[in-house]
Each structure stands twice: as structure tokens, then as C-alpha cells.
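Reviewing the structure listed below.
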Amino acid sequence: MKDKLHQLKDTALTEIEQANSKQELNQVKVKYLGKKGPITEILRGMGSLSKEERPLIGKLANEIREEIAKLINEKEETIAQKALEERLKQETIDVTLPGKKVLKGNRHPLTRVIEEIEDIFIGMGFEIAEGPEVESDYYNFEALNLPKEHPARDMQDSFYITEEVLMRTHTSPVQIRTMKSKNGIGPVKIICPGKVYRRDDDDATHSHQFTQIEGLVVDEHITMSDLKGVLLNFAKKMYGEKAKIRLRPSFFPFTEPSAEVDVSCMMCGGEGCRVCKNTGWIEILGAGMVHPRVLEMSGFDPERYTGFAFGMGVERIAMLKYGIEDIRHFYTNDLRFLEQFKRM
Ligand code: 2U9
């Protein structure tokens, strides 16, 4: 029995030695230490041994079992350590390898100009309002003092979807919607940036879809000098403190009186150059006092409230700012164009 135990120990040690993975070692463990293993069997069969032999064999069997268990534990640790070393070796990062190039995007030049203009007006206490690009004839024309058959509707040939629904030709319907939401109680002080649509043939200075920013202020005691003050401050913030503005009489159905607004040429400072065609002035805006009928139709009492409004084409402002000669550059997404506006 003693010999059998020693033999068992020798084969177990060899098998532990030869086990090269967690799984193999586990098999050895089950084989020698499991409930159906040879040592358990020997211990179970001790009843057939003599009284003298029993404690000796019992002691030896337990010692051998403990030794086998200890060696298996040690081997387990060795295997785990080796696996860890292997993994670390595989996961080593070579910090000297060149990095992957991360391509950075940048904001579209129109977005930059819109945000710049928004910031200037937010600084004067304006809020930003937005509305749908698909509009009803009522909000786009009727409520702006452009009834059906009004000749001014021809000024802006439109994309109609049905007889009553069209792509908005300006962002003015957003101002109408905002005024109506106020139930006739001022103040209203908003700018409305957004895409607008007109049936134009595209060329270097025209696009059937372009971007407008319009503004509207309605309150008691609003006068034309408030309009001039706001627009002069806008011009100074946009083009520098030396900027001047001038108003020339004009006509829009939704404002009375109406004006076209020029800013002193940002290229030559008013001296006269190619950009301002030697006039010293560049037209950037249209504006006027809100027509009393427009106020009334949107629920404001024109006896109590007055207001001013203005509108500008963002592409034109951006073209002047960056010296872009063709409006189509904004929409064709040529990276050679767009990448010029990186980190500007
Ligand atoms: C309401 C009342 C009045 C908005 C205005 C202009 C003058 C104007 C043009 C500039 C270049 C359009 O993009 S452009 O072609 N806009 O000249 N826009 S006054 O007047 C309003 C708007 C809303 C309720």
C-alpha cells in the first residue's frame, strides 16, 4: 500500500510538471484530488487494513494529498503568471510608432458669419427665432401686406407646392408667427436666420436657395432713430469702429418708410476702390418702419405700437468679408474652398 501511494505521488508529480495550461492542470487536479480519485479510494478502503497499518497509511495518504494539492497550487500560479506575461507582451504599445492622423472638420463659412451676426444682435438684447421653411401663402405674403394679385409678388417668383403652400421666399413669416404668439403685447425683439427660396437662375451672384437674417423690433415709442442706432452698432461690430452707414429711400410693401442701407466700404474705408465701384459705399441691408397694416394683422395696435425691421442676405455679407467671387462656392462643397476657412 505504501509503495502504491509513493508510485501515485510520482506519477502525479510528473503529470503536474507536464501540464502546460490551466485546463490540463485542472484535469490532473480532478484526477488525483477528486472524489473518485485514487487517494480517496485508498482512504475509503482503509477498513481492510490491519490496526497497526491504518494510522500510518492514513497519515501518508493525507501527506501525499496535501503535497499534490500544494504543487498544483504552485503550478497554477506559474501558469497564470506566464499567461499574464504573454498578454503584456502582446499588448505592448510601441510609443515610437507614428500616430493616426485625425482629420478635423471646420465650420462652414456661412455658419461662421451667421453665428457672428447672431452674437452681435444677442449683445443688443435680441432673441433668435426660427420657423418652417415650407410656409402657407398667408404667412409668407398675405400677412406682410402682399395680398393676392399684388404686383410685388412678382418681385420674388416662388416655388409653390400647392396653391396655398410654398417654400418661404424670406424669413419674414417667422416674425409674423412670433408677433401672433405675443397676443398684441410687446416688446418683440428678434432676429430670424434661415434658408429662403426664390425661383432665380443660378449664377455668380444669384442662388435659388440662400440664407437671410431678418430682424424685428416692436414696442411703444420705437422710431427710425432706434433703427439707425441698431444698424450703426451692427456695422461697427461687424466691420470695425470706423464704419459708417447711410440710408437711401426705397420701397417694400411691409415697411413704410423703407430704406436701403449702405456701409462705408470695408476695403478702402470709403476712399473708393474696385469693390465699392469707387462710390465708397456698399449696400448690405434693407430696412424700414413696420407697416401699420402688418402690425394690425398680427394683433398689435398700430396706435400704441411701432416697430422697425431689416433684412440681409448672409451670402452677400460673407462674400464681401472673405472676398468670395461666386455664390455657388457655398453650396458645391469643394474641400479646396472649405478648407480655406480653417482656424480663421
Ligand atoms: C415683418 C415686417 C417687416 C424685413 C425687411 C428687407 C427690408 C430687405 C432684403 C435684403 C437682402 C432681402 O435677402 S435680401 O434679398 N430684405 O430689404 N427686409 S425690411 O421686413 C419685415 C419683416 C417682417 C413682420
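Looking at region 302-327, which of the residues that are open to solvent by 10 Å² or more (accessible area, probe 1.4 Å) and under 20 Å from GLU142 (Cβ atoms) is farthest from the ligand (Cβ to nearest atom)?
My answer is PRO302.
Could you list, in sequence order, all residues of region 37-78 that are assigned to a helix (DSSP H, G or I) and open to solvent by less than 30 Å² (accessible area, probe 1.4 Å)?
Once the filter is applied, which keeps residues that are assigned to a helix (DSSP H, G or I) and open to solvent by less than 30 Å² (accessible area, probe 1.4 Å), region 37-78 yields ILE39, THR40, ILE42, ILE57, GLY58, LEU60, ALA61, ILE64, ILE68, ILE72.
What single numbered condition from (1) among the polar types (S, T, N, Q); (2) more than 13 Å from the ligand (Cβ to nearest atom); (3) surrounded by 15 or more Cβ atoms within 10 Å (Cβ to Cβ) fails to hold for THR178?
If we test THR178 against (1) among the polar types (S, T, N, Q); (2) more than 13 Å from the ligand (Cβ to nearest atom); (3) surrounded by 15 or more Cβ atoms within 10 Å (Cβ to Cβ), just (2) comes out false.
Please verify whether GLN27 is closer than 25 Å to LYS82 by Cα and loosely packed, with under 11 Cβ neighbours inside 10 Å, treating the condition exactly as stated.
Numbers: closer than 25 Å to LYS82 by Cα: yes; loosely packed, with under 11 Cβ neighbours inside 10 Å: no.
No: the conditions fail for GLN27.
Going residue by residue through region 128-145, is there one that turns out to be open to solvent by less than 40 Å² (accessible area, probe 1.4 Å), within 23 Å of HIS206 (Cα to Cα) and touching a residue at least 40 places away in the same chain (Cβ under 8 Å)?
Checking region 128-145: not a single residue is open to solvent by less than 40 Å² (accessible area, probe 1.4 Å), within 23 Å of HIS206 (Cα to Cα) and touching a residue at least 40 places away in the same chain (Cβ under 8 Å).
For region 262-291, give me each residue that is out of contact with any Ser or Thr (no Cβ under 9 Å at 6 or more places or on another chain) and closer than 22 Å to GLU118 by Cβ. Can you show your working first?
Going residue by residue through region 262-291, those that are out of contact with any Ser or Thr (no Cβ under 9 Å at 6 or more places or on another chain) are 263-264, 266-269, 271, 273-275, 277-279, 283-285.
Across region 262-291, the qualifying residues are VAL263, MET266, GLU283, ILE284, LEU285.
So how many residues does region 79-110 have that are open to solvent by 50 Å² or more (accessible area, probe 1.4 Å) and closer than 27 Å to LEU335 by Cα?
Taking region 79-110 first, the residues open to solvent by 50 Å² or more (accessible area, probe 1.4 Å) are 80-107.
Now narrow it down to the ones that are closer than 27 Å to LEU335 by Cα: 98-107.
Going through region 79-110 one residue at a time, the tally reaches 10.
How do the strands (runs of 3 or more DSSP E) wholly within region 94-202 filter down when requiring 3 or more residues that are closer than 24 Å to ARG304 by Cβ: which remain?
Where strands (runs of 3 or more DSSP E) fall fully within region 94-202 and carry at least 3 residues being closer than 24 Å to ARG304 by Cβ, they are 188-197.
The values are calculated or read from the model by the stated rules, or taken from the named source; none is laboratory data. A quick note: this is a predicted structure, and the numbers were derived from the prediction, not measured. Reconstructed Cβ throughout: ideal geometry from the backbone, glycine too, with neighbour counts over all protein chains shown. These accessible areas exclude ligands, DNA and RNA; they are computed on the full protein's heavy atoms, side chains included. Shrake-Rupley method; radii C 1.70, N 1.55, O 1.52, S 1.80 Å.
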